[in-house]
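Chemist: The following block contains the structure, expressed as structure tokens.
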Amino acid sequence: MNYILKNLPERTSKPRQTGFTMAMDKGLSVREAEDFMSIAGDHVDIVKLGWGTSYVTPNLKDKLKVYKDAGVPCYFGGTLFEAFIIRDQFDDYRKILDKYEMSFAEISDGSIDLEHDKKLEYVNKLSKQVTVLSEVGSKDADKIIPPYKWIELMQKELDAGAWKVIGEARESGNVGLFRSSGEVRSGLVQEILTKIPFEKIIWEAPQKAQQVWFIQLLGANVNLGNIAPNEVIPLETIRLGLRGDTFLHFLGIERKKDKSAPPFHAD
């Protein structure tokens, strides 16, 4: 860091199990990826190439090399896995992982109907080839999964070989863990945490208010995902209490409510 500040929350160091930041690359150029890593590489643990963007991204190998040289693993979005599965191309998908020297893979079923036993089979098989991130939740806003089912699915996928499970929210943050407004389904999150260890979950939280909510609930070292490249540095300041939203939170100071003053707005 550039100077000393006292009483900041302690952040875990890379490679880490908690305090994990997963950033989403939705189509950065090679030069943009270089710029991204130059400013935020120390704060990013893994980069996801969103959904099927890798299929149409030019100079893909060059971009992957940028991330590799920065010491940041990269993986293809879960929707790409689903695109291969619905076309009965699982073996082709495995070959693609080898071709691009991927050490991580995301398995999801947010866009397709996939029997859970079959999903577990894919988790188990791929876990012998790469480190598996398994996503739970649907991209369909009308498909509401009860908390007990989230817990059951997450636990079974961890037992099948997933390194961590991902709570679905899409890149917009308005399905799965969240209401259409972006508001956190707080009861769902807290019930999941009664059974699934918090270090085993990456919560997709693309919106600032969602990031703040999780950090206030679980601390600076909560695992968060689907972070936009230009939001990685801002997120790190939220984790450290260096932005208005969490400025007093880690100092144990309550913000005074002055009814005569205008409402507080974080930057």
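Chemist: Evaluate the following for E168: is it of a type in the set (D, E) and under 18 Å from M24 (Cβ atoms)? Give the derivation first.
Modeler: On the way: of a type in the set (D, E): yes; under 18 Å from M24 (Cβ atoms): yes.
Here the answer is yes, as E168 does meet what is asked.
Chemist: Right, another one. Just to verify a result, which residue in the range 119-142, among those that are hydrophobic (A, V, I, L, M, F, W, C) and in contact with a helix residue (DSSP H, G or I) (Cβ under 7 Å, 6 or more places away or on another chain), is farthest from V175 (Cα to Cα)?
Modeler: As a first pass, look at the range 119-142 and keep what is hydrophobic (A, V, I, L, M, F, W, C): 120, 123, 126, 130, 132-133, 136, 141.
Subset that is in contact with a helix residue (DSSP H, G or I) (Cβ under 7 Å, 6 or more places away or on another chain): 120, 123, 130, 132, 136.
Values: L120: 23, V123: 23, V130: 28, V132: 23, V136: 12 Å.
Top of the filtered list is V130.
Chemist: List every residue pair whose Cβ atoms lie under 9 Å apart, where the two residues are 6 or more positions apart in sequence or sit on different chains, the first residue falls within the range 3-26 and is touching a residue at least 60 places away in the same chain (Cβ under 8 Å) and of a type in the set (D, E, K, R), and the second residue, located anywhere, is in a strand (DSSP E or B) and crowded, with 21+ Cβ neighbours inside 10 Å.
Modeler: Final answer for the pair search is D25/V47; D25/K48; D25/L49; D25/C74; K26/L49.
Chemist: Among (1) surrounded by fewer than 18 Cβ atoms within 10 Å (Cβ to Cβ); (2) closer than 25 Å to E168 by Cβ, which single condition is E32 missing?
Modeler: (2)
Chemist: Moving to a separate point now. Could you check V212 against (1) in contact with a strand residue (DSSP E or B) (Cβ under 9 Å, 6 or more places away or on another chain); (2) closer than 30 Å to I39 by Cα; (3) of a type in the set (V, I, T); (4) in a helix (DSSP H, G or I) and say which number it fails?
Modeler: (1)
Chemist: Across the range 179-212, what is the total count of residues that are among the basic types (K, R) and either in contact (Cβ under 8 Å) with a residue 24 or more places away in the chain or in contact with an Asp or Glu (Cβ under 9 Å, 6 or more places away or on another chain) (or both)? Write out each step before concluding.
Modeler: Quick first cut of the range 179-212, residues among the basic types (K, R) only: 179, 185, 195, 200, 208.
Next cut, either in contact (Cβ under 8 Å) with a residue 24 or more places away in the chain or in contact with an Asp or Glu (Cβ under 9 Å, 6 or more places away or on another chain) (or both) only: 195, 200, 208.
Within the range 179-212, residues that are among the basic types (K, R) and either in contact (Cβ under 8 Å) with a residue 24 or more places away in the chain or in contact with an Asp or Glu (Cβ under 9 Å, 6 or more places away or on another chain) (or both) number 3.
Chemist: While we're here: The conditions are (1) closer than 21 Å to N226 by Cβ; (2) assigned to a helix (DSSP H, G or I), and I85 fails exactly one of them. Which is it?
Modeler: Only one criterion in (1) closer than 21 Å to N226 by Cβ; (2) assigned to a helix (DSSP H, G or I) is unmet by I85, namely (1).
Chemist: Continuing with this model, one more query. Which of the residues spanning the range 155-203 are outside any helix (DSSP H, G or I), under 20 Å from V123 (Cα atoms) and within 12 Å of the chain's Cα centre (by Cα)?
Modeler: Here is the first cut: in the range 155-203, the ones outside any helix (DSSP H, G or I) are 160-185, 193-197, 201-203.
Now narrow it down to the ones that are under 20 Å from V123 (Cα atoms): 160-168, 196-197, 201-203.
Once the filter is applied, which keeps residues that are outside any helix (DSSP H, G or I), under 20 Å from V123 (Cα atoms) and within 12 Å of the chain's Cα centre (by Cα), the range 155-203 yields K164, V165, I166, G167, E168, I201, I202, W203.
Chemist: Of the residues in the range 221-237, how many are of a type in the set (S, T, N, Q) and either in a helix (DSSP H, G or I) or free of Cβ contacts under 8 Å to residues at least 24 places away in the same chain (or both)? Write out each step before concluding.
Modeler: Here is the first cut: in the range 221-237, the ones of a type in the set (S, T, N, Q) are 221, 223, 226, 230, 237.
Checking the rest, the ones that are also either in a helix (DSSP H, G or I) or free of Cβ contacts under 8 Å to residues at least 24 places away in the same chain (or both) come to 230, 237.
Qualifying residue count for the region: 2.
Chemist: To continue, here is another question. Condition first: modelled with pLDDT under 95, aromatic (F, W, Y) and either surrounded by 14 or more Cβ atoms within 10 Å (Cβ to Cβ) or assigned to a loop (DSSP other than H, G, I, E, B) (or both). Can you find one or more residues in the range 238-260 that meet it?
Modeler: Yes, some residue in the range 238-260 is modelled with pLDDT under 95, aromatic (F, W, Y) and either surrounded by 14 or more Cβ atoms within 10 Å (Cβ to Cβ) or assigned to a loop (DSSP other than H, G, I, E, B) (or both).
Chemist: Got a sec? Which of K164, K149 is surrounded by fewer than 18 Cβ atoms within 10 Å (Cβ to Cβ) and under 16 Å from D109 (Cα atoms)? Spell out the reasoning first.
Modeler: Values: K164 fails: surrounded by fewer than 18 Cβ atoms within 10 Å (Cβ to Cβ).
Answer to the check: K149.
Chemist: Regarding Q129, is this residue touching a residue at least 12 places away in the same chain (Cβ under 8 Å) and under 24 Å from M102 (Cβ atoms)?
Modeler: Numbers: touching a residue at least 12 places away in the same chain (Cβ under 8 Å): yes; under 24 Å from M102 (Cβ atoms): yes.
It is true that Q129 is touching a residue at least 12 places away in the same chain (Cβ under 8 Å) and under 24 Å from M102 (Cβ atoms).
Chemist: Further question on the same structure: Could you check, for the range 82-93, whether at least one of its residues is of a type in the set (D, E, K, R), in contact (Cβ under 8 Å) with a residue 24 or more places away in the chain, more than 20 Å from L60 (Cβ to Cβ) and crowded, with 18+ Cβ neighbours inside 10 Å? Outline the logic, then answer.
Modeler: In the first step, residues of the range 82-93 are kept if they are of a type in the set (D, E, K, R); the result is 82, 87-88, 91-92.
Cutting the leftovers down to in contact (Cβ under 8 Å) with a residue 24 or more places away in the chain gives us 82.
Pick out the ones that are also more than 20 Å from L60 (Cβ to Cβ) and you get none.
Looking through the range 82-93, none of the residues is of a type in the set (D, E, K, R), in contact (Cβ under 8 Å) with a residue 24 or more places away in the chain, more than 20 Å from L60 (Cβ to Cβ) and crowded, with 18+ Cβ neighbours inside 10 Å.
Chemist: Among (1) crowded, with 16+ Cβ neighbours inside 10 Å; (2) over 19 Å from G167 (Cα atoms), where does I39 come up short?
Modeler: So the condition that I39 fails would be (1).
Chemist: Now for a different question. How many of the residues making up the range 132-165 are among the β-branched types (V, I, T) and in contact (Cβ under 8 Å) with a residue 60 or more places away in the chain? Talk me through it step by step, then tell me what you get.
Modeler: Residues of the range 132-165 that are among the β-branched types (V, I, T), as a first pass: 132, 136, 144-145, 151, 165.
This time we only want the ones that are in contact (Cβ under 8 Å) with a residue 60 or more places away in the chain, so: none.
So the answer is 0.
The values are calculated or read from the model by the stated rules, or taken from the named source; none is laboratory data. Everything numeric here is computed off the predicted structure, so don't read it as measured data. Reconstructed Cβ throughout: ideal geometry from the backbone, glycine too, with neighbour counts over all protein chains shown.
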